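**Student:** Let me give you the structure first, and then I'll get to my questions.
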Amino acid sequence: MAGILNRTLIVPPILDHHAVALGSCPKFRVLDPKELRISVWDHMIELIQGGRYISIAEIIDISPLVSSSLVRVIDLRDFVSIWCGISLDLACLNDSKVQSSFNFRQKQCGSLLAGVHGSVDKCVYAVNDDCRTTVWTHHSGNEDGMLDSFQPNEQLKKKKNVTYIRRRRDVFKTLGPGSGAESASLLAFGSLFTAPYKGSQSYMDIHESVQDPRIRSLIDKTKFLPFVSEIVSAGKEFANATIKAPFLCAQLRLLDGQFKNHQKAAFNGLQQKLESLQQKGPLPIHIFLMTDLPGENWADTYLGDLISDSLHYKVYFLREDDELVRQASKKLKEAGYEQRFVPYSDKAADKKYCFNQRLPDALLYVEQTVCSCATLGFVGTAGSTISENIELLRKFGLCSGQS
């Protein structure tokens, strides 16, 4: 979106799981964009106060996009310092007078950026079109304004009183030069999450077929954004120095949401893969396991069976307090976000953030990297975005260094 509209992308932090929930586009039940922006702002302040703020660009390597001038970026912390004149370090101080002043100013800033009172002329343009009404396109012929192929069915219309109509809209025509958004310094979306659904996309349907070679190149390069080197190195080290053998990776999401109802299917898929490997190769079969099921609950499941059967299987896993994960977290903290991309402005008033910063949680990213190195294959959880990301890492050869 930033590349197409020739705007600077404000790089956000990584949010806690379930801290802010979009909802369900297929069910036409999503959080309003304004409410979403307010929730993200409030959670961002919580992350800073708790010393847990970490930018997405500290985990995902976007430096090639920036160095090739395909997109301009600025860290959210720098942007807030420049735009609102707020030192985010103040969020960490215990001084009640300072906190009172800071809270007032940060709420003012958050309300402005979130578009609480709507768009502000030449300042903020709040985009309140979400996946219930809009599918964004770019250079797709005469599609602008046409109905999308996916619409609420009769059952939804009657049962939930859904009256939305989804239209395909060209983002450049709607929000680019000559539009009502052109003069606004800041363009504020809700969520840009999209996914395939029933022959369409839930929110963004922009493909390589666009005519602009720069945008084609940007789309091509964003198909795969690897983890930063500190994470990749840790994952490779575990595969090469600890496992030291061909291995299978199993990613089992067993507790969260819909997945807790499909534990048996998840275990069956892994069991079938292991039975196949037993017939083909030497024993024991080395398995790297990543799951949200706590270790103390493994005993009465198929995972407990695997661990107890040391003749046929050797199971490996990582925990947050493992030294390799802690070292990766320390290296991430030491690297600092400023090494990720060229600072956008010399006017950035505040490059030193909260001194109570905790070690970032690197476990999930290191685990995914280990799985990208699994030479005996990968068994993932159907419908899990983590599983999809691991498949992408494997497809683009993250472990081998190929691209």
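The values are calculated or read from the model by the stated rules, or taken from the named source; none is laboratory data. Since the model is a prediction, treat every value here as computed from it, not as a measurement. We place every Cβ from the backbone using ideal geometry, glycine too, and count neighbours over all the protein chains shown. The area values use the complete protein model at the heavy-atom level, side chains included, leaving out ligands, DNA and RNA. Shrake-Rupley method; radii C 1.70, N 1.55, O 1.52, S 1.80 Å.
**Student:** Output the peptides 273-285, 316-328 sorted from most to least packed, where packing is the average of other Cβ atoms within 10 Å over each peptide's residues.
**Tutor:** Working: 273-285: 13.2, 316-328: 15.7.
Going from most to least packed, we get 316-328, 273-285.
**Student:** Then there is this: Just to confirm, what accessible area per residue do you get for segment 155-254 at 1.4 Å probe, in whole Å²? Don't skip to the end; give the middle numbers.
**Tutor:** On the way: 5260 Å² over 100 residues.
Accessible surface, normalised per residue, equals 53 Å².
**Student:** Amide H neighbours of L9 under 5 Å, counting only residues 5+ apart in sequence or on other chains, H built in-plane at 1.01 Å?
**Tutor:** R72, V73, I74
**Student:** At a threshold of 8 angstrom on Cα-Cα distance, excluding pairs fewer than six apart, so keeping six or more, what relative contact order does the chain reach in percent? Don't jump to the answer; show the numbers that get you there.
**Tutor:** Numbers: 597 pairs, mean separation 82.3, N = 403.
Over the chain, the number comes to 20 percent.
**Student:** Another question, then. Compute the angle between helix 363-372 and the longest alpha-carbon principal axis of the chain, please, reported from 0 to 90 degrees and rounded to the nearest 10.
**Tutor:** That works out to roughly 60 degrees.
**Student:** While we're looking at this one, here's another question. Please give the peptides 241-248, 257-264 ranked by average Cβ packing (other Cβ atoms within 10 Å per residue), highest first, as a rough proxy for protection.
**Tutor:** Details: 241-248: 15.2, 257-264: 12.6.
Result, highest mean first: 241-248, 257-264.
**Student:** With the Cα gyration tensor of segment 227-274 giving a ≥ b ≥ c as the square roots of its eigenvalues, does the rule (a/c under 1.5 for rounded; else a/b larger than b/c for prolate; else oblate) give rounded, prolate or oblate? It would help to have the intermediate numbers written out before the result.
**Tutor:** Numbers: a/c = 4.53, a/b = 1.69, b/c = 2.67.
In terms of gyration-tensor shape, oblate.
**Student:** I would also like to ask the following. Ignoring any ligand, DNA or RNA, what whole percent of the accessible area of segment 249-288 comes from carbon and sulfur when the probe is 1.4 angstrom?
**Tutor:** 47 percent
**Student:** Provide L252, L156 ordered by accessible surface of protein heavy atoms (probe 1.4 Å), highest first. Working shown, then result.
**Tutor:** Values: L252 0, L156 35 Å².
From most exposed to least exposed: L156, L252.
**Student:** What's the whole-number percent of alpha carbon pairs in segment 1-145 lying beyond 27 angstrom?
**Tutor:** On the way: 3238 of 10440 pairs.
Result for the distance tail: 31 percent.
**Student:** Would you kindly compute the Cα radius of gyration of segment 194-263 and its largest Cα-Cα separation (Dmax), both in Å?
**Tutor:** 18.8, 48
**Student:** Quick check on segment 112-209: what does the Kirkwood estimate of hydrodynamic radius come out to from the alpha carbon pairs, in Å?
**Tutor:** Numbers: mean 1/r = 0.0682 Å⁻¹.
Hydrodynamic radius (Kirkwood, Cα only) of segment 112-209 equals 14.7 Å.
**Student:** Normalized C-alpha radius of gyration of the chain, against 2.2 N^0.38 Å?
**Tutor:** Numbers: Rg = 23.3 Å, N = 403, 2.2 N^0.38 = 21.5 Å.
Dividing the Cα Rg of the chain by 2.2 N^0.38 Å gives 1.08.
**Student:** Arrange the peptides 369-379, 87-97, 388-398 so that the one whose residues have, on average, the most other Cβ atoms within 10 Å appears first.
**Tutor:** Numbers: 369-379: 21.8, 87-97: 14.7, 388-398: 17.5.
Averaged packing, sorted descending, gives the order 369-379, 388-398, 87-97.
**Student:** Is there a quick way to get the dipole size of the chain? I mean about its Cα centre, with the Cβ of Lys and Arg at +1 and of Asp and Glu at -1; what is the value in debye to the nearest 20?
**Tutor:** Details: 47 positive and 45 negative charges, 160 e Å.
My answer is approximately 780 debye.
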